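Report on one structure; see the data block that follows.
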Amino acid sequence: MILSYQDIHSDVKVDCDVAVIGSGAGGAVIAKELAEMGYSVAVVEEGGYFTRKDFGCRPVKSMLSMYRDGGQTFTLGRPICILPLGKTVGGTTTINSGTCLRIPPKVLKDWQENYGLKELNEEELGLFYERIERFLYVQQADPEVVGTNNLKFKEGADKLGYSAGFLPRNAKECEGSGLCAFGCPIDAKQSMNISYIPEASKLGATIYANCLAEKIVVESGRATGVLGHFVDPDSGRKAKSIQLGAKAVILAAGAIYTPYFLLKNKLANSSGQVGKHLRIHPCAGVAALFDEDIRCWDGIPQSTYVDEFFEEEGIMLEGAATPPEIQSNTLPYAGNKHAKLMSQFSKIALFGSMVSDTSEGSVRALPFSHRPTVLYNLNKNDIRRLQLSVVHLAEIWFAAGARRVYPMLATMAELTAPKQVEELKRLKLNGKDFTITAYHPMGTCRMGSDPTRSVVNVNCETWDVKRLFICDASVFPTSLGVNPQMTIMAIATRTAAHIDGVLATTNSTKEVVINDDTV
Amino acid sequence: MLTRYEAEILRAAIPDVLGEDRGLPAVDAERIVRWIDTQYLAKSTFEFRLLYRFLILALQFVFPFLFGSEYKIFLQLSPEEKQRLFNKWAQSRLYLLRNSFTTFRLAICFGYYGQDEVSRAIGYDAEAKLEEASKRQVVRD
C-alpha cells in the first residue's frame, strides 16, 4: 500500500521487521527484496507520490514538484556545481536518464584490493545485475527512437573512429518522448516508482510518502526504529507523527541526505568518515548549431555514448538534451544574440561529458542550517580532463557537420571552425571557467574493511550501530565512472540477502501491526 | 513574493535579458513577472527567494555602476544601455558575477520559454506531447 499525506488522519505507530528510509534505487530494491522474502517492510519517503498523470510534459512544473528544492541544489566551491536531486517516490530514478551500466571491472578491482572489499566479487554481483536487468527490462536503446541529436553525435564519433554505441536502459517499449528527466509520460522508463515500489507494495510493504524521517532509535547499540513526521507538501508544515519499530533499519536517502541525517543525529561516525569523500561525476556540455533540424527534445535524451576515452582518461561522453525552457539558460550570450540562438533551437544539438572524479568534497550539517552544506572543489587533474572532454565533444560535433560549436566556457563562447579546437586544447582553464552540473553524488558513507576508514562494512551495516544499514551511493568507496543506479541496486539486492540471513535467526513478524486508524 | 518595486525592476529588465528575434513571439514582461512571483519563487526555497530579490536590487543600484561608465540606477537606463549591462554581466571576468547572471536569467528563461506559444514557435509542443502520451501507457508483465 502507498499512503500519502492526504491519506493520514492520525499519528502512525507501526511495528515491522524492516524500516527503510528513502525509496530510490537502494531503498526501493531492498524493500521489494525483503518483502518478497516474507518480511514486513515499511518505507518512509520524504517526497510525494506522483504518477504519469502528474508529469504533464512541462519540465519546469515537474522540476518544482519532484526535484529537491525545485532543482536549486548545488555544491559550494570552485566552481559551484548544480547537483539536481530527486525528492519523490522512486527517488532520483524517477527523474534520471534511465542509463543502466554495471560497475567497470577495474573499479571493482580497486574496491577489492584497496578497500578490503574482497567479498564483493564479480560473479556474485553479476547474478544480482542479471536479476535487476530482467526485472527492469534493461535493453539497448532502440536506434529508431533515440532521436537525431544522439544519432548525429554517434555519426561524428563513427567518422573519427571512436568507440561508441547505444546505451542500455531500463525502458520497456520506449517511444522517445524525451522527458526522462521530468517523469516518463507513458511509464516506459522503469524507474522505482513504477517497478520495485509497486511490487514491494503488492508483496505487503507499506510506503509512506510525504514522510520525513527525523530520528533513528538506537537501543543498546542497535537500531530499533524510526521516528518522523508527515509533511504537508504545500505548506511544508509538519503534521501527524510516525513511529516505526523495526528489527533492522535501512538508510537509503542518497549520498547527500544519508550523511546529513547521520551527522544531525550524531550517529555511526566514530571513524569521522561520514560526509567525507564526496564524488559527484562532474559534467560538462557542448552545444552545436547545424543547418538542418535536430529537434534535440525528440528521442531518448541519453541513448548513445562514446567510451573511447574511458579506460585511459575516465571520461564518458553521454547524451544530454532537454526541452527549450530548460536548455535556454545554458546557451551563451544575452539579449538579442541569445534570442537569435534560441529562435534556431530546433537546429541545436547537445551532448555531455562526465568525468570519473578524483576530487573529493564533503557534506556538512552546520548548526544554523536546516539543509546539508555540500562542499566540492575541482582539482587540477579533473579540470584537465573536463577540458579534454570538451575538446572531444567539440571535435565530434564538427565531424558530424556542425556549423558552430558552443563549448559553454567563460573564455570561449563559440567555435566557428574545426581548427579552433586546437585553440580550445591550449586554453589555460581553471574550474571557474566551466559550467558544471553533476547527477551522481556518492562516497560519503563509504564501505570498507577498516572501521577507522569507513562507515559501513561490506554488507552495508554501519560499524557503530548494529542492524543499521546504508543502501545508496554513499557507500561507494570511490567514483564509479559510470551511471550508478545499477550498482546501487545490485548492492541493495546483496544487502537484502545478508539481512535475510541476520533476521532469519530471530523471530520475525509477517504482518504490519497498525495501532492507530491510519486511513 | 516580490514587492511592487522589485516587480517593476524585473519587468524593466526582462525584455533586454531575453532580447528580440522575429522568430519568437513578443515578450510579455508582465506575464513573466507574474509567473516568476506566483509559480517559481513561491515554490522556491527561502534562501533562493532571498538571493533572487537581492539580485534584483543589486541590478537596480549596483550593476549600472559596476558595468557602466556613469552612475544611474537601472530604471533610468535606455534599452541599449540595459543590453550592454546584461552582456557585460553575462561575460564578467569575475566568476561569482557571471554565475549570478545565470541565476538571475534562469527564472526569466523558464517564464518565457515555458510559455506554450513560445515553445511552439521553436518547435516544441508540450500540449501535443501530452495528448499523445495520454493515449498510451506501458504496462509491466
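B:GLN91 fails exactly one of the following numbered conditions: (1) in contact with a Leu (Cβ under 8 Å, 6 or more places away or on another chain); (2) open to solvent by 10 Å² or more (accessible area, probe 1.4 Å). What is the number of that condition?
Tallying (1) in contact with a Leu (Cβ under 8 Å, 6 or more places away or on another chain); (2) open to solvent by 10 Å² or more (accessible area, probe 1.4 Å), B:GLN91 fails exactly one: (1).
Which residue pairs have Cβ atoms closer than 8 Å, lie 6 or more positions apart in sequence or on different chains, and pair a first residue in segment A:366-386 that is over 25 Å from A:ALA253 (Cα atoms) with a second residue that is among the hydroxyl-bearing types (Ser, Thr, Tyr) and open to solvent by 60 Å² or more (accessible area, probe 1.4 Å)?
That search, which allows pairs on different chains as well, returns A:ASN379/A:THR358; A:ASN381/A:THR358; A:ASP382/A:THR358.
Pairs, please: C-beta under 7 Å, at least 6 apart or cross-chain, first residue within 14 Å of chain B (Cβ to nearest Cβ) and within 26 Å of A:TYR129 (Cα to Cα) and in segment A:150-178, second acidic (Asp, Glu) and surrounded by fewer than 21 Cβ atoms within 10 Å (Cβ to Cβ)?
A:CYS174/A:ASP142
Return the pairs, sorted by first residue and then second, in which the second residue is outside any loop (DSSP other than H, G, I, E, B) and of a type in the set (Val, Ile, Thr), the first residue lies in segment B:11-22 and is on the phi < 0 side of the Ramachandran plot, the beta carbons are less than 6 Å apart, and the residues are 6+ apart or on different chains.
Within 6 Å, the pairs are B:ARG11/B:VAL33; B:ILE14/B:ILE32; B:ILE14/B:ILE108; B:VAL17/B:ILE108.
Which of the residues belonging to segment A:389-413 are within 24 Å of A:PHE290 (Cβ to Cβ) and at pLDDT below 95?
Selection gives A:MET408, A:LEU409, A:MET412, A:ALA413.
Please go through segment A:340-357 and pick out each residue that is out of contact with any strand residue (DSSP E or B) (no Cβ under 8 Å at 6 or more places or on another chain) and surrounded by fewer than 22 Cβ atoms within 10 Å (Cβ to Cβ).
Selection gives A:LYS340, A:SER343, A:SER346.
Since A:THR478 meets every condition but one in (1) open to solvent by 20 Å² or more (accessible area, probe 1.4 Å); (2) assigned to a loop (DSSP other than H, G, I, E, B), which condition does it not meet?
Going through the list (1) open to solvent by 20 Å² or more (accessible area, probe 1.4 Å); (2) assigned to a loop (DSSP other than H, G, I, E, B), A:THR478 breaks only (1).
I'd like to verify a number: residues in segment A:358-382 that are within 30 Å of A:GLU308 (Cα to Cα) and either among the small types (Gly, Ala, Ser) or open to solvent by 10 Å² or more (accessible area, probe 1.4 Å) (or both), how many?
The number of residues fulfilling the criteria is 9.
When the residues of segment A:210-230 are filtered to those that are open to solvent by less than 30 Å² (accessible area, probe 1.4 Å) and touching a Leu at 6+ places or on another chain (Cβ under 7 Å), which remaining residue is farthest from A:GLN6 (Cα to Cα)?
Per the criteria, the residue is A:ALA223.
Determine, yes or no, whether A:THR416 is surrounded by fewer than 18 Cβ atoms within 10 Å (Cβ to Cβ), at pLDDT 95 or above and of a type in the set (Val, Ile, Thr).
So A:THR416 passes the test.
Name the one entry in B:LEU51, B:LEU55 that is within 12 Å of B:ILE9 (Cβ to Cβ) and touching a residue at least 24 places away in the same chain (Cβ under 8 Å).
Within the list B:LEU51, B:LEU55, the selection yields B:LEU55.
Inspect all residues belonging to segment A:58-65 and state whether any of them is in contact (Cβ under 8 Å) with a residue 60 or more places away in the chain, of a type in the set (Val, Ile, Thr) and within 13 Å of chain B (Cβ to nearest Cβ).
Yes, segment A:58-65 has at least one match.
Can you name every residue in segment B:25-35 that is more than 11 Å from chain A (Cβ to nearest Cβ) and either open to solvent by less than 10 Å² (accessible area, probe 1.4 Å) or within 11 Å of the chain's Cα centre (by Cα) (or both)?
B:ALA29, B:ILE32, B:VAL33
Determine whether B:ARG22 is more than 28 Å from B:TYR124 (Cβ to Cβ), at the interface with another protein chain (Cβ under 9 Å from one of its Cβ atoms) and open to solvent by 80 Å² or more (accessible area, probe 1.4 Å).
No.
Which count do you get for residues in segment A:186-203 that are in a loop (DSSP other than H, G, I, E, B), within 8 Å of chain B (Cβ to nearest Cβ) and open to solvent by 10 Å² or more (accessible area, probe 1.4 Å)?
1
Go through (1) buried (at least 23 other Cβ atoms within 10 Å of the Cβ); (2) closer than 27 Å to A:SER65 by Cα one by one and return the number of the condition A:SER235 breaks.
If we test A:SER235 against (1) buried (at least 23 other Cβ atoms within 10 Å of the Cβ); (2) closer than 27 Å to A:SER65 by Cα, just (1) comes out false.
Listed residues A:PRO323, A:PRO301; which is within 14 Å of chain B (Cβ to nearest Cβ), open to solvent by less than 20 Å² (accessible area, probe 1.4 Å) and out of contact with any Phe, Trp or Tyr (no Cβ under 8 Å at 6 or more places or on another chain)?
A:PRO301
Considering segment A:290-347 alone, what residues qualify as being in contact with a helix residue (DSSP H, G or I) (Cβ under 6 Å, 6 or more places away or on another chain), farther than 20 Å from A:ALA402 by Cα and among the aliphatic types (A, V, I, L, M)?
Across segment A:290-347, the qualifying residues are A:ILE315, A:MET316, A:ILE326, A:ALA334.
Looking for whichever is touching a Leu at 6+ places or on another chain (Cβ under 7 Å), at pLDDT 95 or above, surrounded by 15 or more Cβ atoms within 10 Å (Cβ to Cβ) and not polar (S, T, N, Q) here; the options are B:ALA7, B:ALA58, B:ALA121, B:ALA12. Which one fits?
The match here is B:ALA12.
Tell me, which strands (runs of 3 or more DSSP E) lie completely within segment A:1-109 with 1 or more residues that are surrounded by 22 or more Cβ atoms within 10 Å (Cβ to Cβ), under 18 Å from the mean Cα position of the chain (by Cα) and aliphatic (A, V, I, L, M)?
A:18-21
Being within 14 Å of chain B (Cβ to nearest Cβ) and outside any loop (DSSP other than H, G, I, E, B): is that true of A:LYS425 here?
For A:LYS425, the condition - within 14 Å of chain B (Cβ to nearest Cβ) and outside any loop (DSSP other than H, G, I, E, B) - is not met.
Confirm whether A:GLY285 is in a strand (DSSP E or B), out of contact with any Lys or Arg (no Cβ under 9 Å at 6 or more places or on another chain) and within 14 Å of chain B (Cβ to nearest Cβ).
Here the answer is yes, as A:GLY285 does meet what is asked.
The values are calculated or read from the model by the stated rules, or taken from the named source; none is laboratory data. Note that the structure is predicted; figures quoted are calculated from it, not measured. Backbone-built Cβ (ideal geometry, glycine too); neighbour counts: all protein chains shown. To get the accessible areas, we keep the full protein, side chains included, count just its heavy atoms, and leave off ligands, DNA and RNA. Shrake-Rupley method; radii C 1.70, N 1.55, O 1.52, S 1.80 Å.
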